[in-house]
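Trainee: Encoded as structure tokens, here's the structure I'll be asking about.
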Amino acid sequence: MTISTAAPRRTFAIISHPDAGKTTLTEKLLLLGGSIRSAGTVKGKKSGKFATSDWMEIEKQRGISVTSSVMQLVYNDVQVNILDTPGHQDFSEDTYRTLTAVDTAVMVIDSVKGIEAQTLKLFKVCRMRGIPILTFINKLDREGKEPLDLLSEIEETLEMETFPMNWPIGTGKRLKGIYDLQNETIETFTDSHSNRQIIPLKDADNLQDHERENLEEEIMLLDEAGNDFSQEKIQNGTMTPVFFGSALANFGVQSFLDAFVNLASKPKPRKASGQMINPEQDQFSGFIFKIQANMNPNHRDRIAFLRVCSGEFERGMEIILSRSGKKMKLSQSHSFFASDRETVNTARPGDIVGIYDSGNFQVGDTLIGGGERIQYEEMPQFPPEKFAKVTAKNAMKHKQYHKGIEQLVQEGTIQLYKTPYFEDYILGAVGELQFQVFDYRMKNEYNVDIELNHMTHELARWVTKGDVSDIVSDSRKMLVEDQQKRPVILFENEFAMRWFQDKNPGFELSSGWEIL
Ligand code: G4P
């Protein structure tokens, strides 16, 4: 796929609970943009074909997407960049970071299940960042919850206003179509996209009298009790436009994409070193939100994912790594369509570029083309909830062991803590699967067998005030330091933490989330 240099950019990620239909919707969007030619290219966990975003063997075994990939489509002269995010809850940390690189989020909700835990968690991150959220309520071809109930569920659980863009006429077997509330037309339901038909409501002769009456009643209700459309609220993430459809039946997907290119946010100014950096400015800048090692076993390399924020990226350009001031030439840059790499010659704000990394970059690094050494805001770090002591089974392999840990931690696969004096390694993860991936990758990529001893601690708190030299580790709490040598106390549970706070009122503790 060729990248259009002048086209406006819209960069988004889909957030959803596993199985809500994210992969199916992504595939249908790519089909509409002509990026793929046949269904099943992106999807097919059970059919033996694997999602194009599934690079790692472990993903294939589990049928879940562990890594995030980048896909592109051009639609109505807009270049749409889709950042894939793993839906599995154990990988939310990776997803959180990906969300820092997008300008818009699309929330896919299963109409049968409503809002699920994972959506809620990810969604809160978007709210925190004030990015627009577009909602696609999927699986309309099934008997789902009442549309009005789904709207109030979103309003109540997610504390944001909703604005339906279209309205379903029946669901499941009785699904007749969706009514476009702006244009007062009906897209009639057939399960073949090639028959897409949009007709004025008055001409819809497939509706029975009671269906028409029902629809008119609901439209009136929405008119009276619904929220007023506000572009401003959508842009700051306090109102979500809601679309109904079925990704599998390719129903309502094109209407969604038509509206998406208008409603999604364009790349906005971003904060770096206390100032707002405008995407229009000439000076190139961007940040790295993800590092992926050994993505392709034939390449044995590390790829840093760069989000371009201002200026223009050109292959071979000289850049400066803001953190150290080091100058580098970026001669190897790729765009990704999963494992197919294409060389990127130029990229504009909103684009994601994969750059070859021989170990220079860290997640959160800012790259600039010149001028002042600005630094984009620190990547969010999330408090891990599971901990394990890690050692190499074979002490002779310590060199590979340290290299593996260093690289995987730099990639953000897992968090690393060390105990004072003895410097024992403790891994911190948001979910159990992170340990399994770490174990698997140490074995497969670094040839090291590791031993993991799970600990009973559940909470990590950074000490922002107080003298830690007096803290004695015991079974309920353990003093460690993070990668930046900041003191952290691991507590067994909430109770142990409160007990500590009562006994040590001079201390101030913070969860990673708060120290962002
Ligand atoms: P995910 O990426 O969010 O995890 O969801 P995915 O697209 O993989 O979809 C999960 C399941 O839901 C798949 O079925 C998919 O076919 C189905 N699905 C997606 N959209 C719709 C829809 O609009 N209507 C209906 N009825 N089903 C939908 P599966 O049986 O788990 O997988 P497969 O055998 O189809 O591969």
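Nothing in this text is a laboratory measurement; each read-out follows from the coordinates by a stated rule. Computed from a prediction, not measured in an experiment: that's the story for all the values here. Using ideal geometry, Cβ is built from the backbone for each residue, glycine included, and neighbour counts are taken over all protein chains shown.
Trainee: On average, how much area does the Cα convex hull of the range 370-516 cover when viewed from any direction, in nm²? Write out the running numbers ahead of the final one.
Mentor: Values: hull surface 42.9 nm².
Computed as one quarter of the Cα hull surface, the answer is 10.7 nm².
Trainee: Separate question: So for Met128, Met107, fewest C-beta neighbours within 10 Å to most, what's the order? All intermediate terms of the calculation are to be shown ahead of the outcome.
Mentor: Working: Met128 14, Met107 24.
Fewest to most other Cβ atoms nearby, the residues stand as Met128, Met107.
Trainee: Which order do the peptides 405-417, 265-277 take when ranked by the mean count of other beta-carbon atoms within 10 Å per residue, highest first?
Mentor: Values: 405-417: 20.2, 265-277: 15.6.
Ranking, from highest mean packing down: 405-417, 265-277.
Trainee: Here is a further query. I need the semi-axes of the equivalent ellipsoid of the range 210-277: take the C-alpha gyration tensor, multiply each eigenvalue by 5, square-root it, list largest first in whole angstrom. Mind dumping the intermediate values first?
Mentor: On the way: eigenvalues 223, 66, 11 Å².
Semi-axes from the Cα gyration tensor: 33, 18, 8 Å.
Trainee: Less than 10 Å Cβ to Cβ from Ala496, Lys/Arg counted +1 and Asp/Glu -1: what total charge do the surrounding residues give? Please report the intermediate quantities before stating the final value.
Mentor: Values: positive: Arg476, Lys477, Arg498; negative: Glu458, Asp474, Glu492, Glu494.
So the environment of Ala496 carries a net charge of -1.
Trainee: Take peptides 134-144, 21-31, 471-481, 501-511 and line them up by average Cβ neighbours within 10 Å, highest first, as a rough protection proxy. Numbers along the way, then the final one.
Mentor: Values: 134-144: 23.0, 21-31: 24.6, 471-481: 15.5, 501-511: 12.5.
Most protected by this proxy first, the peptides run 21-31, 134-144, 471-481, 501-511.
Trainee: Got the relative contact order for the range 386-510 handy, in percent, Cα pairs under 8 Å and 6 or more residues apart? Please list the in-between numbers first.
Mentor: Working: 204 pairs, mean separation 34.9, N = 125.
Worked out over the range 386-510, it gives 28 percent.
Trainee: Check Thr240: other-chain or 5+ apart residues with amide H under 5 Å from its amide H, H built from backbone geometry?
Mentor: For Thr240, whose amide H was placed from the backbone, the distant partners under 5 Å are Glu161, Thr162, Phe163.
Trainee: Skipping prolines and chain starts, which residues have an amide H placed within reach, meaning under 5 Å, of the one on Glu312, given they are 5 or more residues away or on another chain?
Mentor: Amide H neighbours of Glu312, under 5 Å, 5+ apart: Phe284.
Trainee: Could you calculate the contour length gain from Gln231 to Ile198, that is, 0.36 nm times the residue separation minus the distance between their Cα atoms, to one decimal place in nm?
Mentor: On the way: separation 33, 0.36 × 33 = 11.88 nm, distance 2.53 nm.
Between Gln231 and Ile198, full extension yields 9.4 nm more.
Trainee: Same structure, new question: In whole Hz and in residue order, list the ³J(HN,Hα) couplings for the range 140-152 that follow from phi through the Karplus curve 6.51 cos²θ - 1.76 cosθ + 1.60, θ = phi - 60°; x for Gly and Pro.
Mentor: So the J values, rounded to whole Hz, are 5, 6, 10, 6, x, 6, 4, x, 5, 5, 5, 4, 5.
Trainee: Taking the C-alpha atoms of the range 144-242, how large are the radius of gyration and the largest Cα-Cα span, Dmax, in Å?
Mentor: When restricted to the Cα atoms of the range 144-242, Rg and Dmax are 14.3, 41 Å.
Trainee: Hey, another quick one. Just need the Rg to Rh number for the range 341-384, please, alpha carbons only, Kirkwood Rh.
Mentor: Values: Rg = 13.3 Å, Rh = 13.3 Å.
Ratio of gyration radius to Kirkwood radius: 1.00.
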